[in-house]
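K.L.:
Quick one: this structure, given as structure tokens, is what I'll be asking you about.
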Amino acid sequence: MNGASEARREPALTSFVGLDSDGCVVDTMAAKQHGFLQPMLVDALGLGPMREAYIACADFVNLYSEYRGITRFRAIFLSLTFFNRHPAVRAAGFPPVPLADLEAFVNSGLPQSSEALEGWLREHPSALLETLLRWSSAVNAAILASGVVFPAYEGAREALRRMRGRSETGIVSQSPERVLRQDWDAHGLLTFVDHVAGQELGDKVAQLTALTDGRFPRDRVLMVGDAFGDLKAARDFGCRFYPILPGQEGASWARFNGEVYPAFAEGRYTPACEAALIEAFSAALPSLPPWETEAGCARVAP
């Protein structure tokens, strides 16, 4: 009987692949920004007269820049920083949004979740942060209540199928876990991953640590993402990275399936293999919006 049990036992998996969700596996980035986050923030903060300027700033931060994929409250801080110095806002004499309280929270070292912000507010009262906490909860509720099904990239679906049984897999994301489960379950993708790590577990380094530490060598862990935050998490954690280029998601997933994942599974995806891919990734995501590049403005620290 013991021999039969041994024969049925699954072989231990020797590698782990962590996957970001929004804009990487599920095509949610622009839809969530334009359908929920941006219009609801414009209303919450009374930015209606300067709506176009705010949307331009938020689009740059969240979709087209090196800041793409940063946590929600950091993204708001950067978007409002660019908004306060936007030429149209200044020309209109629109009062700048006071950001000191938000800056203190995003630089506090706390997890950038609604739960952490709620705790922060108990010791640091702030009208702006109270408004943002209500806004964040309302955004989450609106997305869940909408029932909208965001499309998944076909190449990502194929990758998940290929990895099943070869590598342990997990979602590594700064979205709330319940939102991740809704987005992935809508496409039947939850059955292809072993773990779901959302913002409640901390930043992406904390998530990778919780999912892999002591079980996989760092060079047998691969982070797949579409933003510099994913690259930084991989570097800080000490694992490999593969970029999904914004606007080139189909080609990026085709390369992953045809070249990169087979190399990683066989132990051939080295830092040297990453170099050219990361160079192209970096070139695609600038640090300043076009209206500031010509003016020679300084980069904003996230």
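K.L.:
Look at the stretch 149-164 and say how many of its residues are under 25 Å from residue 35 (Cβ atoms) and surrounded by 15 or more Cβ atoms within 10 Å (Cβ to Cβ).
P.N.:
Total satisfying the criteria: 6.
K.L.:
Output the residue which, of all residues in the stretch 249-258 that are surrounded by fewer than 15 Cβ atoms within 10 Å (Cβ to Cβ) and free of Cβ contacts under 8 Å to residues at least 24 places away in the same chain, is nearest to residue 68 (Cα to Cα).
P.N.:
Checking each candidate, the answer is 251.
K.L.:
With respect to residue 220, is the statement that it is open to solvent by 30 Å² or more (accessible area, probe 1.4 Å), touching a residue at least 24 places away in the same chain (Cβ under 8 Å) and touching a Ser or Thr at 6+ places or on another chain (Cβ under 6 Å) true?
P.N.:
yes
K.L.:
For the stretch 36-55, enumerate the residues that are polar (S, T, N, Q) and open to solvent by 10 Å² or more (accessible area, probe 1.4 Å).
P.N.:
none
K.L.:
Another question, then. If you go through the stretch 165-177 one residue at a time, how many are open to solvent by less than 50 Å² (accessible area, probe 1.4 Å), in a loop (DSSP other than H, G, I, E, B) and of a type outside the set (S, T, N, Q)?
P.N.:
The total comes to 1.
K.L.:
Further, regarding this structure: Go through the residues of the stretch 239-248 one by one and say whether even a single one is open to solvent by 10 Å² or more (accessible area, probe 1.4 Å), out of contact with any helix residue (DSSP H, G or I) (no Cβ under 8 Å at 6 or more places or on another chain), modelled with pLDDT under 95 and not basic (Lys, Arg).
P.N.:
Yes, because at least one residue in the stretch 239-248 is open to solvent by 10 Å² or more (accessible area, probe 1.4 Å), out of contact with any helix residue (DSSP H, G or I) (no Cβ under 8 Å at 6 or more places or on another chain), modelled with pLDDT under 95 and not basic (Lys, Arg).
K.L.:
Take the residues of the stretch 56-65 that are surrounded by fewer than 23 Cβ atoms within 10 Å (Cβ to Cβ) and in a helix (DSSP H, G or I): which is modelled with the lowest pLDDT?
P.N.:
Restricting to residues being surrounded by fewer than 23 Cβ atoms within 10 Å (Cβ to Cβ) and in a helix (DSSP H, G or I), the top hit is 63.
K.L.:
Find the helices (runs of 4 or more DSSP H) located wholly in the stretch 66-122 whose residues include 2 or more that are over 30 Å from residue 27 (Cβ atoms), and list them.
P.N.:
The qualifying helices (runs of 4 or more DSSP H) are 87-92, 100-106.
K.L.:
Which residues, counting only those in the stretch 26-35, are hydrophobic (A, V, I, L, M, F, W, C) and either open to solvent by 30 Å² or more (accessible area, probe 1.4 Å) or in contact with a Lys or Arg (Cβ under 8 Å, 6 or more places away or on another chain) (or both)?
P.N.:
Within the stretch 26-35, 29, 30, 31 qualify.
K.L.:
Restricting the search to the stretch 192-219, which residues are at pLDDT 95 or above and of a type in the set (S, T, N, Q)?
P.N.:
207, 209, 212
K.L.:
Of the residues in the stretch 104-119, how many are open to solvent by 20 Å² or more (accessible area, probe 1.4 Å) and either farther than 15 Å from residue 200 by Cα or touching a residue at least 24 places away in the same chain (Cβ under 8 Å) (or both)?
P.N.:
Residues flagged as open to solvent by 20 Å² or more (accessible area, probe 1.4 Å) and either farther than 15 Å from residue 200 by Cα or touching a residue at least 24 places away in the same chain (Cβ under 8 Å) (or both) within the stretch 104-119 amount to 5.
K.L.:
Do any residues in the stretch 260-272 that are within 8 Å of residue 222 (Cβ to Cβ) have Cβ atoms under 7 Å from those of residues that are not in a helix (DSSP H, G or I), where the two are at least six apart or on different chains, and which pairs are they?
P.N.:
Hits for this filter: 264/15; 264/222; 264/240; 269/240.
Residues are listed down the side, and each one gets a yes or a no for (1) touching a residue at least 40 places away in the same chain (Cβ under 8 Å); (2) open to solvent by less than 30 Å² (accessible area, probe 1.4 Å); (3) of a type in the set (Phe, Trp, Tyr):
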| site | (1), (2), (3) |
| --- | --- |
| 193 | yes, yes, no |
| 235 | no, no, no |
| 278 | yes, yes, no |
| 283 | no, no, no |
| 291 | yes, no, yes |
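K.L.:
Residues to consider are 129, 144, 180, 133; find the one that is surrounded by 21 or more Cβ atoms within 10 Å (Cβ to Cβ) and assigned to a helix (DSSP H, G or I).
P.N.:
That would be 180, the only listed residue that is surrounded by 21 or more Cβ atoms within 10 Å (Cβ to Cβ) and assigned to a helix (DSSP H, G or I).
K.L.:
Mind listing just one residue for me: the one in the stretch 259-276 that is open to solvent by 60 Å² or more (accessible area, probe 1.4 Å) and acidic (Asp, Glu) and, of those, farthest from residue 13 (Cα to Cα)?
P.N.:
Applying the filter and picking the extreme gives 259.
K.L.:
Scan the stretch 74-98 for residues that are over 23 Å from the mean Cα position of the chain (by Cα) and without any contact (Cβ under 8 Å) to a residue 40 or more places away in the chain and jot them down.
P.N.:
84, 88, 89, 90, 91, 93, 95, 96, 98
The values are calculated or read from the model by the stated rules, or taken from the named source; none is laboratory data. Predicted, not measured: the structure shown is a model, and the values here were computed from it. Glycine also receives a Cβ, built like all others from the backbone with ideal geometry; neighbour counts cover every protein chain displayed. Surface accessibility is based on the protein's heavy atoms, side chains included, excluding ligands, DNA and RNA. Shrake-Rupley method; radii C 1.70, N 1.55, O 1.52, S 1.80 Å.
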